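Colleague: My questions will all concern the structure given below.
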Amino acid sequence: MVAAVVLLLHSVVLAWAQGPNNSGTYYENANGTRGKQLKTALAAIINKHTVLSYGDLWDCYSKTDVRSDGKIWDMYSNSTDFDPVKDRDKGNHDGEGATYNREHSFPKSWFNKKSPMVTDLMHIVPTDSYVNGMRSSYPFGETNGEIFQSEGSFSKLGASKTPGFNGTVFEPADEYKGDFARIYFYMVTCYENDLPHWNCEMIDGYTYPAFNEWALKLLLRWAKNDPVSEKEINRNNAVFGIQKNRNPYVDYPGLEQYVWGGMMDATFNYADYDAKSVKYEVDKVPTTTDEQRGEEDNNGGQGTDIEITGSGEFVKVASAANLIVGNQYMIVYEDGANSHAMGASSNDIRSDVAITVDGNTTNGGNGVHLLTLGGKVGAYTLYDAAENKYLSLNEKKNKIHTADNADSDNAKWRISFKDDKVEIINVKFNNNQIQFNSSLPRFACYKGTQKAISLYMKKTSAATGIFSVDNGNVATIMVDVYSLDGRRVKHGVEKKQALNGLQKGIYIMDGKKYVVR
């Protein structure tokens with residue numbers, strides 16, 4: 001009898017342990033997490049989805065973005081009446097109201113048009129083609145609309161009024177600001193492992209908090225002021241029916257506060273979530289810490305390298321002591337004036353670029369692909385920013401493949417030194433190492449049957465590599481500033497002001513290292 005009662009109670013608990021909007025136990029694995037850990041737990045859940053083709057999206061809109069009158073639900077213009085089929089964009093953008101197209105509300109240039117982001121229905125919404133063209137790839141923000149305003153000032157483009165950013169921004173209508181904020185929360189959660197490769201003014205390049213401070217404050221405020229609507233719930237359910245994943249920030253109104261805001265100290269409970277008790281904080285937000293930067297740099301998180309193809313001075317590496325995460329290297333077959341360095345990928349091998357080696361130094365050459373070292377001892381990663389890929393080996397053949405991320409052992413390498421040469425051996429297939437085939441010629445993976453290779457590291461400009469900026473004597477020149485992992489943090493700024501506002505750490509500009517204390 002007791003066993004029967006226990007079984008009945010267990011059945012009742014299972015029956016009630018269900019998420020909102022018929023999501024069932026979809027979010028169960030995120031239970032009990034909070035803040036950064038909650039974001040990562042959600043990423044593991046929602047990242048697994050069906051990848052669509054770009055052409056599929058047209059037909060999807062009939063299920064996801066149609067108003068009650070059967071017309072396309074346009075969030076950029078309130079004066080359109082598009083038929084889902086007849087008014088698809090055919091290249092004619094003759095003013096507002098002519099056609100609609102597929103808008104990457106999170107611009108595809110920000111993530112280098114990579115899959116699966118480039119066809120993710122969750123953030124690709126149907127919008128007026130002309131207004132979409134005006135938006136271009138500008139970040140979201142708030143503006144007076146000096147450059148452009150859609151009919152009735154529904155959406156606007158102009159100089160930013162948002163504190164912390166003074167560029168050009170696109171401002172959607174108030175009634176959809178929360179929609180777009182929750183889409184952006186979804187994007188940086190679903191694809192958090194890809195964030196180090198993205199480049200835009202709103203993203204900080206790290207998995208957490210993911211957004212720059214000004215952008216996070218803006219989006220949190222938009223989400224608070226424009227709560228989840230029935231339209232969003234219906235669209236979320238429809239997208240789930242097509243690509244089999246959900247937006248948790250729609251299913252759980254205010255969930256962003258558990259990740260970045262006033263509920264960061266509270267644990268998430270997927271089946272017992274009270275949206276009415278959410279404490280909203282939109283002005284005090286987490287920022288990327290030095291510790292967080294160090295953790296992600298050491299796990300191979302890389303952005304756009306300082307140089308993606310290389311010239312300059314490189315010195316030969318003879319021991320593991322010179323394997324420094326964040327530094328740039330070139331792989332070389334040494335033969336004096338007839339030496340070769342690794343170049344671009346071609347049919348799963350790496351081309352060779354003719355260089356000259358003089359003693360233990362080389363100046364590289366055009367077409368050499370530099371590799372940024374990531375990972376850790378025994379499982380290093382080699383990131384090629386020119387191709388936005390990691391070196392990888394996917395099978396036991398004489399090839400070098402590439403991978404979008406370094407999650408698997410295929411993209412990890414053991415690096416050691418023997419007889420003045422380097423051995424770079426794949427972790428997954430430990431009999432295969434990178435070597436040079438001089439008869440073809442090419443770089444590929446072999447079982448010790450070809451020419452041994454050397455490793456050269458990009459040399460700093462001074463013994464210490466650290467310089468100081470004399471603000472009183474620096475000419476007014478424009479520079480880009482990079483973090484040590486190669487991520488560009490400022491673009492086209494005056495050199496004498498370039499380090500202002502940066503967190504403590506070491507940065508690179510004009511090929512030199514500078515410290516911010």
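The values are calculated or read from the model by the stated rules, or taken from the named source; none is laboratory data. Since the structure is predicted, the reported quantities are computational estimates derived from the model, not experimental observations. Because the Cβ atoms are built from the backbone with ideal geometry, glycine has one as well, and the counts that use them run over all protein chains shown. Keep in mind that these areas ignore ligands, DNA and RNA; they rest on the heavy atoms of the full protein, side chains included. Shrake-Rupley method; radii C 1.70, N 1.55, O 1.52, S 1.80 Å.
Colleague: At 7 Å along Cα-to-Cβ for each site, give me the label-to-label distance between ALA44 and GLU387 in nm.
Modeller: Rounded to a tenth, the inter-label distance reads 3.1 nm.
Colleague: Between GLU151 and THR25, with labels modelled 7 Å along Cα→Cβ, what's the label distance in nm to one decimal, could you check?
Modeller: Inter-label distance under the simple model: 5.1 nm.
Colleague: Also, quick follow-up: Holding the Cα-Cα limit at 24 Å, pick out from LYS39/LYS71; LYS397/LYS428; LYS63/LYS156; LYS284/LYS376 the pairs that are longer than that.
Modeller: Too far apart for the 24 Å limit: LYS39/LYS71; LYS63/LYS156; LYS284/LYS376.
Colleague: In terms of Cα to Cα distance under 16 Å, which aspartates and glutamates are near enough to LYS114, apart from those fewer than 8 places away along the same chain?
Modeller: Correct list for LYS114: GLU103, GLU192, ASP194, ASP384, GLU387, ASP404.
Colleague: Given the pairs LYS108/LYS459; LYS90/LYS244; LYS399/LYS447; LYS389/LYS418; LYS108/LYS490, which are separated by over 23 angstrom at their Cα positions?
Modeller: With Cα atoms farther than 23 Å apart: LYS108/LYS459; LYS90/LYS244; LYS389/LYS418.
Colleague: Still on this structure: Whenever you get a sec, line up ARG88, ARG235 from highest to lowest accessible area (probe 1.4 Å, protein heavy atoms).
Modeller: If we order ARG88, ARG235 from most to least accessible, we get ARG88, ARG235.
Colleague: Can you compute the FRET efficiency between ALA318 and ASP480 using 1/(1 + (r/R0)^6), with r the Cβ-Cβ distance and R0 = 35 Å? Round to the nearest 0.05.
Modeller: Efficiency computed from Cβ-Cβ geometry: 0.65.
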